[in-house]
Amino acid sequence: MPPLLPHWLQAVADILMPRICPVCGKALDRDEPYLCRSCLAQLPRTRYEEIPFNTMEQLFAGIVPVERATAYFYYEKNAPYASILHDIKYHHQPLMGQWLTAQAVKEMEASGFFAGIDAVTPVPLHSEKLAQRGYNQSEYLARGIAQQAGITPLSALTAVKGHSTQTHKGAMERWQNIQGNYAVNPHYASQLAGKHLLLVDDVVTTGSTLAVCALALRQAEPSVRISIFTLAAARLS
């Protein structure tokens, strides 16, 4: 959430530099941190956490064992809600992602999706890309979950080599593009035995990045259990 300001100072700031909802462009009220109430209410939620063996879980079937998987909302390239991901990832708004994952935890509490999770680990960025962007958006997403759900954050993975963008690649090209890119962080390898980890990323399309990360964790520690959460998911049906 944006830093708290005195009421009068926030009012002046909102007049001089109004905060805008990234979805509809409406000026945000003082109690609307990142999205207006209407757009948050209409967020196209997947509700995957309520569906046994949902389409997201099916992405990983036969590749790597996954306990459960969900995404908060659907991503469509040219839809208004796509601007949320763009702002979080490219426009220096990672705190919006942290706020949204906290909202997701609140909404999914009744489903039990986060029950039994021992630690939350983000998909890492390679050091070169991290230097260019200045932050790893997935780390902020994981932070929102960890804080709201009271789960330990754990940087269990490291990106050992960079790769070109996945955006315009097909499923096979994505697999080939990231093979061997991720490894278990040696500082935390001893903490993985028997643990249930929640692997977190911003968006899932083919599932290749998450699958490679999950495989790296399982190869390093076969007893580790893995669930997956992404802020958004391409429509996978």
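Counting only heavy atoms of the protein chains and using a 1.4 Å probe, LEU141 has close to 0 Å² of accessible surface.
Just the protein heavy atoms count here, and of the accessible area of the chain at 1.4 Å, carbon and sulfur take up 55 percent. For the pair segment 184-219 / segment 89-150, the C-alpha centres are spaced 14 Å from each other.
Considering lysine pairs in the chain that are 8 or more places apart or on different chains, how many have Cα atoms under 28 Å apart? Number of lysine pairs found: 17.
For the chain, the longest principal axis of the Cα atoms and the long axis of helix 94-108 meet at an angle of about 80 degrees. Solvent-accessible area per residue in the chain equals 49 Å², computed with a 1.4 angstrom probe and all protein chains kept. With both residues required to sit in the chain, DSSP beta bridges show an antiparallel share near 20%.
Mean sequence separation of contacting Cα pairs (under 8 Å, at least six apart), scaled by the length of segment 62-150, corresponds to a relative contact order of 35 percent.
Close amide-amide hydrogen proximity is noted between ILE226 and GLU67, LEU197, each under 5 Å apart and 5 or more residues distant or on a separate chain (H modeled in the peptide plane; Pro and chain starts excluded). Think of it as helices only: each DSSP H run of n ≥ 4 in the chain is worth -39500 (n - 2.57), and spread over all residues that comes to -10500 deg cm²/dmol at 222 nm.
Taking only the alpha carbons of the chain, we obtain Rg and Dmax values of 18.0, 57 Å in that order.
Each residue of segment 134-150 was assigned a 3J(HN,Hα) from its phi angle through the Karplus expression (A = 6.51, B = -1.76, C = 1.60, θ = phi - 60°), giving x, 6, 9, 4, 5, 5, 5, 4, 5, 5, x, 5, 4, 5, 6, 8, x Hz with x at Gly and Pro.
Given a cut-off of under 8 Å on Cα pairs at least six residues apart, what relative contact order in percent is computed for the chain?
RCO, the chain: 22 percent.
Under a 5 Å amide H cut-off, with hydrogens placed 1.01 Å from N, THR152 pairs with VAL120 among residues at least 5 apart or on other chains.
The 3J(HN,Hα) values that the Karplus relation (6.51, -1.76, 1.60; θ = phi - 60°) gives for segment 67-72 are, in residue order, 5, 7, 8, 8, 9, 6 Hz. Gly and Pro appear as x.
The values are calculated or read from the model by the stated rules, or taken from the named source; none is laboratory data. Being a predicted model, the structure only gives us computed values, none of them experimental. Side chains included, ligands, DNA and RNA excluded: accessible areas come from the protein's heavy atoms. Shrake-Rupley method; radii C 1.70, N 1.55, O 1.52, S 1.80 Å.
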